[in-house]
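Heads up: the structure comes next, in structure tokens.
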Amino acid sequence: MPAAPSDAPDQRRRPAHTPVLAAVLLAVFVVPMSISGTAVALPRIGAGTHADLAPLQWVVNAFNVAFACFTLVWGSIADVIGRARAFAAGVALYALGSLASAVAADVLWLDAARALTGIGGAAIFSCGAAILSTVFDGPARARAFALFGTVAGAGVALGPSLAGVLVQGLGWRWVFAVHAVALAFVLLALPVIARAVAATSAGTGGGRIDVPGSALFVLAMVLLTTAIVQGSQWGWGSAGVLGLFAGAVAVLGVFAAVEHRSAHPMLDLGLLRDRRFLGLCLVPVAASFGFVTVLTYLPSYLTAVTGRGTGAAGLLMLLLTAPVLVLPMLAARLVARGMRPLTLVLLSLACLVAGDLALTLLSPSATVLLLAAPMLITGAGMGLSAGLVDGQALELVDPAKAGMAAGFLNTLRLGSEAVAVAVYGSALATVLGTRVADGIDAHPDASRAGEVADRAAGGDLTGAAELSGATDHRAFTDFLAHAYDSAFHSVLWGLAAVGALLAVLIALLLRGTSARTTA
């Protein structure tokens, strides 16, 4: 009597998965490279296009805002039209936007091209994660997501260095042209990805695109991310920023009401009622405050306060990023050998808090040995959870909604990074401004404390001293270095407190999670 057919896909009949994994990971590598590396090219872009400061900053901001706005939308679209098609569309948009950026005639053209690139990057991250969840099972899925986290971390870590080499050797346009070339190889692998997804019982599409919900969500994210981006420039208490925040909250309320009544919502609100899924989605939020902020601002501390050169500071940053390149695969092996994923998640949160606290030990005379421990611990907090939480979160979701779930997870990830970096920068400038204002009595020629603090918060202490009008620039620069050191430590205590609160909340949400979510 023949065996009954199984609903599970026959692994032996699936196409080879290595090309699928390689193509997805190459695309995933390019996206964070663009996020972290483009800032390096801004001075050359400004000189080449004769751009003013505001449109020049939107070379970075346009990508980030578009990415944050469309990540969840693409995840939902992928569940409707099929993950392979949505991923292909994202890769094509990203390649087209990168090519348009490389040949941009002026900064406004470049800003528009970068927004198009951000829309494509949102599809790559959301649909790429959903494809891995669809194509791989069990230990293979754990390894695939470990590589996903490793490659994304490598893109963030190597982006500035690779961009610097390209800008120095070939010019700023090649920063974007290289991305287009890399994604051309991904486009060649799209037929293999389509066959691999088609061989499964999920990700083949169906349903209807939620146009009203998508439009409302994009509008809410545009308002929210614009408020975050402009907060440090307009002032967090300004009418414009408060109005943007209020508008975002109002539109999100309408969005929730529309989704509750929709037969085919872009975000199934039932996902948010699963406390385990919600807890796992908050882990990247903790990493944004505990790791991404340090990754963004520690180089300025190393150069401005400890007196190290840019090259030396860059090399030291490897202590922070190296664990992100190594630990995701180690975490996958530990899970495969029986360790509870929840244990690793809680350990990663503990490392983030402990690392931020340990960084408060830094001083202007800090040696490399003193720097190593807190940087490695902080990096371990990111590395242990990178990729692991993606696989664990998507394991909890109906395969038909994997795209939506991946979109929500990555929306929280990128949105929290934007919030954390903006809040950190604003807090640093505010505390530093207080220190500068308190020290004006000692430097009676200094004025414009707010502007001086903003310039110093970016690490340019010499420029801040010149802006201050102080007669003794060297003495005032030394004063700013001590003020920066004090402000840096104060903000670190705040980051550790936020990390501890998130860790407690996540632990409560994950309480009672099964020993091993993934087989």
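The values are calculated or read from the model by the stated rules, or taken from the named source; none is laboratory data. Nothing here was measured: the structure is a model prediction, and the numbers come from that model. Using ideal geometry, Cβ is built from the backbone for each residue, glycine included, and neighbour counts are taken over all protein chains shown. Note: areas computed on protein heavy atoms with side chains; ligands, DNA, RNA excluded. Shrake-Rupley method; radii C 1.70, N 1.55, O 1.52, S 1.80 Å.
Could you check D441 against (1) open to solvent by 50 Å² or more (accessible area, probe 1.4 Å); (2) at pLDDT below 70; (3) touching a helix residue (DSSP H, G or I) at 6+ places or on another chain (Cβ under 9 Å) and say which number it fails?
Looking at each condition in turn, D441 falls short on (3).
Contact list please: Cβ distance under 7 Å, first residue in region 125-152 and polar (S, T, N, Q), second residue surrounded by fewer than 24 Cβ atoms within 10 Å (Cβ to Cβ) and part of a helix (DSSP H, G or I), pairs at least six apart or on different chains.
So the pair list comes out as S133/R141; T134/P399; T150/L325; T150/M329.
Restricting to region 251-281, name every residue that is open to solvent by 60 Å² or more (accessible area, probe 1.4 Å), more than 30 Å from T343 (Cα to Cα) and in a helix (DSSP H, G or I).
L252, V254, H260, R261
Going by the structure shown, is L96 at pLDDT 90 or above and under 23 Å from V20 (Cβ atoms)? Spell out how you get there, then give the answer.
Numbers: at pLDDT 90 or above: yes; under 23 Å from V20 (Cβ atoms): yes.
The answer is yes for L96.
If you go through region 391-421, how many residues are over 18 Å from the mean Cα position of the chain (by Cα), in a helix (DSSP H, G or I) and over 15 Å from A86 (Cα atoms)?
Total meeting the criteria: 4.
Among the residues of region 121-141, which ones are aliphatic (A, V, I, L, M) and in contact with a helix residue (DSSP H, G or I) (Cβ under 8 Å, 6 or more places away or on another chain)?
Hits for region 121-141 are A122, A123, I124, A129, A130, I131, L132, V135.
I'd like to check something: does region 379-389 contain any residue that is touching a Ser or Thr at 6+ places or on another chain (Cβ under 9 Å), within 17 Å of A287 (Cα to Cα), hydroxyl-bearing (S, T, Y) and outside any helix (DSSP H, G or I)?
Yes - at least one qualifying residue is present in region 379-389.
For A198, state whether it is touching a Lys or Arg at 6+ places or on another chain (Cβ under 6 Å) and either open to solvent by 20 Å² or more (accessible area, probe 1.4 Å) or of a type in the set (A, V, I, L, M) (or both).
no
For region 305-342: of the residues being β-branched (V, I, T) and within 21 Å of the chain's Cα centre (by Cα), which is surrounded by the most Cβ atoms within 10 Å (Cβ to Cβ)?
V324
Please specify each residue of region 160-176 satisfying the condition of being surrounded by 18 or more Cβ atoms within 10 Å (Cβ to Cβ) and either touching a His at 6+ places or on another chain (Cβ under 6 Å) or farther than 18 Å from L56 by Cα (or both).
L166
Closer than 25 Å to L396 by Cα and assigned to a helix (DSSP H, G or I): is that true of P284 in this structure?
The answer is yes for P284.
Name the residue that is modelled with the lowest pLDDT, counting only residues in region 299-313 that are under 20 Å from G425 (Cβ atoms) and assigned to a helix (DSSP H, G or I).
Here the residue is T310.
Among the numbered conditions (1) of a type in the set (A, V, I, L, M); (2) open to solvent by 10 Å² or more (accessible area, probe 1.4 Å); (3) farther than 30 Å from A68 by Cβ; (4) at pLDDT 70 or above, tell me where A483 comes up short.
(2)
Name the pairs whose Cβ atoms lie under 8 Å apart, with the first residue in region 484-495 and among the aromatic types (F, W, Y), the second not in a helix (DSSP H, G or I), and 6 or more positions between them or separate chains?
So the pair list comes out as Y484/V305; F488/V305; F488/L362; W493/T360.
Does A84 meet the test of being more than 21 Å from the chain's Cα centre (by Cα), at pLDDT 80 or above, hydrophobic (A, V, I, L, M, F, W, C) and open to solvent by 10 Å² or more (accessible area, probe 1.4 Å)?
yes
From A129, A123, which residue is crowded, with 21+ Cβ neighbours inside 10 Å, touching a Gly at 6+ places or on another chain (Cβ under 7 Å) and not hydroxyl-bearing (S, T, Y)? Before the answer, list the steps.
Details: A129 fails: touching a Gly at 6+ places or on another chain (Cβ under 7 Å).
None of the other options fit; the residue is A123.
Take A22 and decide whether it is modelled with pLDDT of 75 or more, among the aliphatic types (A, V, I, L, M), open to solvent by 50 Å² or more (accessible area, probe 1.4 Å) and over 27 Å from L252 (Cα atoms). Let's see the steps before the verdict.
Working: modelled with pLDDT of 75 or more: yes; among the aliphatic types (A, V, I, L, M): yes; open to solvent by 50 Å² or more (accessible area, probe 1.4 Å): yes; over 27 Å from L252 (Cα atoms): yes.
So A22 fits the description; yes.
Taking the stated definitions as given, is L347 touching a Pro at 6+ places or on another chain (Cβ under 8 Å) and open to solvent by 10 Å² or more (accessible area, probe 1.4 Å)?
Considered against the rule, which asks whether it is touching a Pro at 6+ places or on another chain (Cβ under 8 Å) and open to solvent by 10 Å² or more (accessible area, probe 1.4 Å), L347 comes out as no.
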